[in-house]
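So that we are looking at the same thing, I have put the structure below in structure tokens.
Please treat every number below as a calculation from the coordinates, not as lab data. As the structure is a computational prediction, the values presented were derived from the model and not from experiment. Quick reminder, even Gly has a Cβ in these numbers, built from the backbone with ideal geometry, and neighbours come from all protein chains shown.
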Amino acid sequence: MPVRLIVMFACSAVADDAADSPIRIELFEQFASFTNSNHPDNRIGYRFHEHTPLTYGDVPSPAAAVGKRPATDAMLFSARPGVKTFHRRVTEDGWIPQDWTFHLAPVADGIEMLLVVKTSDVGLPEFYGVQQCFRLTGTANEAWRQKYARTAAFSEYDLWRDSPVGKGLVSLTQALHEGSLKLFPAGKETVGCRTPYGEVLDTRRSGGHLDTLEFIGAYRARMLWTADSGLIFRTSADKKWSTGLFWERTTHLSDHHPADCLHAIVNIGGIAPNSQRVLRGKIYWLAGSGEMLVQHWREDFPRLEGSGAEHNDLK
């Protein structure tokens, strides 16, 4: 079994993992695009930056600690064989100026990711939720989207288009709920769920009236339940392949609209001026069931399933 990111990077093991990875990464101005030699004729897309953030709370003082990892973690990660690096200076209206650097490392079961967020003279409040977009576009979406993603195996829109008339729609999208895999309902309505971390934040920012925040995010995803973690994934209709997305400090998950995609809102906030935060994430793409993908995730991030570990910085 390849050495995973949860341990310190052993150079020889990491080199072997990169060399053995079937994943190839291509970077564009706003997107990354991934192919897998073991799963040909499928291309997955990823959009790093879209819409405006969800915000709440105060900016920490310059002396406040944010629990960030040492900068050496990012240096070690960026030096790994096969890593692709995407940098973006965020300055659009509605955003506090900041720098993002994504490092993406191909491994045997997907892509390990590290995000470094650096603030300037203005820090980020305790909740600064940014949406990450995992594109599973099929042939049913607009042609321009297929430049970055064309994944017939994981496209719900393709599956629904080709479904016999009168047959009910089938969902491929799942998250963890009370220790088990739970399907999102099949339909084009944008739906989602909170994580326990997101529930804490939403309870706080709604003044204890969580029911007033039924719809979340740019596409107003209707919140259905609370997931055990920030992991969201799909398994192909034939159950032969699975793919998914996970980021630390994920607050909300949603699917669809207008692209055939999955979303994670990630809280990068709680950073003082002229400071930084380092977050881990991973894209999974492997042969096997959703249960197998979840097992890989549990090995990679053993502390983060229903443990409340991500609530520590809110106390």
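Out of the DSSP beta bridges found with both residues in the range 140-273, what percent are antiparallel (nearest 5)?
90
Starting from 0.36 nm per residue, how many nanometres of slack lie between R220 and H257 once their C-alpha separation is accounted for?
Value of the extension gain: 12.3 nm.
OK, next. Using alpha carbon centroids, what distance separates the range 255-271 and the range 142-198, in Å?
Going from one Cα centre to the other spans 15 Å.
Show me 36-42, 121-127, 161-167 ranked by packing, highest mean number of other Cβ atoms within 10 Å first.
Details: 36-42: 14.6, 121-127: 18.7, 161-167: 8.3.
Put in order of decreasing packing, that is 121-127, 36-42, 161-167.
Can you list the GluC sites (Glu not before Pro) in the range 139-245 that are in a DSSP coil and have 13 or fewer other beta carbons within 10 angstrom?
The qualifying sites are E142, E178, E189, E214.
Counting just the Cα atoms, what span does the chain cover along each of its three principal axes? Round to the nearest Å and put the largest first.
60, 51, 37
Which of the peptides 108-120, 281-293, 84-96 is most tightly packed, and how do the rest follow, judged by the mean count of other Cβ atoms within 10 Å per residue?
Ranking the peptides 108-120, 281-293, 84-96 by packing returns 108-120, 281-293, 84-96.
Over the chain, what is the relative contact order in whole percent, taking alpha-carbon pairs under 8 Å and six or more residues apart?
21
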